[in-house]
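A short write-up of the structure that comes next.
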Amino acid sequence: MSSGRSAMTIAIAVNADQLNTLDLSPVRSVLDPLVQKGNLLACEQQLQFQIDFPREPEDPRELSEIPEIRLWFVRLDATYPWLPFLLDWKAGELARYTAMLVPHQFHPRDGIQFNPEALEIFVMSKVFVLGQWLKTQGIAGNSRLKSMTQLLGYEIDDAFFDLL
């Protein structure tokens, strides 16, 4: 872990071998002790991934366009579906994580363009998963969930949370 100005940044390095073998041990070694200690709230929005995946210089793909990396993130999300709570949103980790899991295209001028239906399903799935998870952790979550969905381009009405 390296220190930031006001909070600790938790950097998890993942290399090509780990990505190619779907090895989540770099994440497990950091998150499992936090879960066991009940210390996840202290790590809110502090997690960053350092992905080391060698590419040929002429390879134009973004990391989220490389199947091996995307598959690793699919496994990660299935194992830790509440992980967006820990991602460093300000550093762009939530957007990168979303790009790993949601079909998209890159446009030179407009940047990343998510498939709208896939993004909506992803966002609502995360609202349901995180809403339930935050309750089990005893963490007030509606404002956090609203902030997360706003970062991804969605407005959730407060009345929606009454249904949960």
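The values are calculated or read from the model by the stated rules, or taken from the named source; none is laboratory data. In this text, all values refer to a predicted model and were calculated from it rather than measured experimentally. Positions of Cβ are backbone-derived with ideal geometry, glycine not excepted, and every protein chain shown enters the neighbour counts. For the accessible areas, the whole protein counts, side chains as well, though only heavy atoms, and no ligand, DNA or RNA atoms are used. Shrake-Rupley method; radii C 1.70, N 1.55, O 1.52, S 1.80 Å.
One table, with the values for the structure above:
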{"item": "Hey, Tyr97 under 26 Å from Ile66 (Cα atoms) and either part of a helix (DSSP H, G or I) or not small (Gly, Ala, Ser) (or both) or not", "result": "yes"}
{"item": "Flag if Leu87 is in contact with a Phe, Trp or Tyr (Cβ under 9 Å, 6 or more places away or on another chain), farther than 28 Å from Gln137 by Cβ and at pLDDT 95 or above", "result": "no"}
{"item": "Filter result for the condition that a residue is in a helix (DSSP H, G or I), surrounded by fewer than 19 Cβ atoms within 10 Å (Cβ to Cβ), over 14 Å from the mean Cα position of the chain (by Cα) and not hydroxyl-bearing (Ser, Thr, Tyr), over Ile112, Ile156, Ile121, Ile139", "result": "Ile121"}
{"item": "Counted residues, region 17-51 - those being within 18 Å of Phe73 (Cα to Cα) and open to solvent by less than 20 Å² (accessible area, probe 1.4 Å)", "result": "7"}
{"item": "Wholly enclosed helices (runs of 4 or more DSSP H) of region 1-86 bearing at least 3 residues without any contact (Cβ under 8 Å) to a residue 40 or more places away in the chain, touching a strand residue (DSSP E or B) at 6+ places or on another chain (Cβ under 6 Å) and closer than 25 Å to Lys135 by Cβ", "result": "none"}
